[in-house]
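First comes the structure, then the notes that go with it.
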């Protein structure tokens, strides 16, 4: 089932992907674009709680999307961002590749065992985020979203000082309101 806006509607996966791609086509043209249906898309975390980008409206958010098997690759990003920004909202999304035999239940179980209790990781078993944005999730993808829910910028890669400087500068710009 796909939740779009306030209505709950069953939409075949191929139609959802087509709808999202059409809505997100402006992303190819640059930052400042709406994330369309992804903004309202609700996913369950490892504890069964629903989460969405829309729940963080009014705040600068870093959405980190990576394949479930490589979640440990976001630890350095998390550590650096937490040291720099006290109240930064981070939305972690574990992508489940099509070639994976794992399902929501199996991934949720592993995350409950391996991730600290106070760290929620949304599980995207249908690859909606990665498919809609054409993301390669073998490495972390960091999407910086402004207070209005618009994509300000996106980055991809393992943590390194040069890439981190760019990410931090963009977050500082948005947090300072310039």
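The values are calculated or read from the model by the stated rules, or taken from the named source; none is laboratory data. Keep in mind that what you see is a predicted model, and the values were worked out from it rather than measured. Cβ coordinates were reconstructed from backbone atoms using ideal geometry, including for glycine residues, and neighbour counts include every protein chain displayed.
Select from region 140-174 the residues that are part of a loop (DSSP other than H, G, I, E, B), touching a helix residue (DSSP H, G or I) at 6+ places or on another chain (Cβ under 7 Å) and touching a residue at least 60 places away in the same chain (Cβ under 8 Å) and write down the one among them that is nearest to residue 70 (Cα to Cα).
140
Report, by residue number, each residue of region 121-135 that is over 13 Å from residue 38 (Cβ atoms) and at pLDDT 95 or above.
Listed by number, the residues that qualify are 121, 123.
(1) surrounded by 18 or more Cβ atoms within 10 Å (Cβ to Cβ); (2) touching a strand residue (DSSP E or B) at 6+ places or on another chain (Cβ under 6 Å); (3) closer than 21 Å to residue 169 by Cβ: which one isn't true of residue 77, the others all being true?
Residue 77 satisfies every listed condition except (2).
From 99, 128, 114, which residue is at negative phi and surrounded by 17 or more Cβ atoms within 10 Å (Cβ to Cβ)?
That would be 128, the only listed residue that is at negative phi and surrounded by 17 or more Cβ atoms within 10 Å (Cβ to Cβ).
Inside region 61-80, can you point out the residues that are more than 13 Å from the chain's Cα centre (by Cα) and more than 16 Å from residue 115 (Cβ to Cβ)?
Passing the criteria: only 80.
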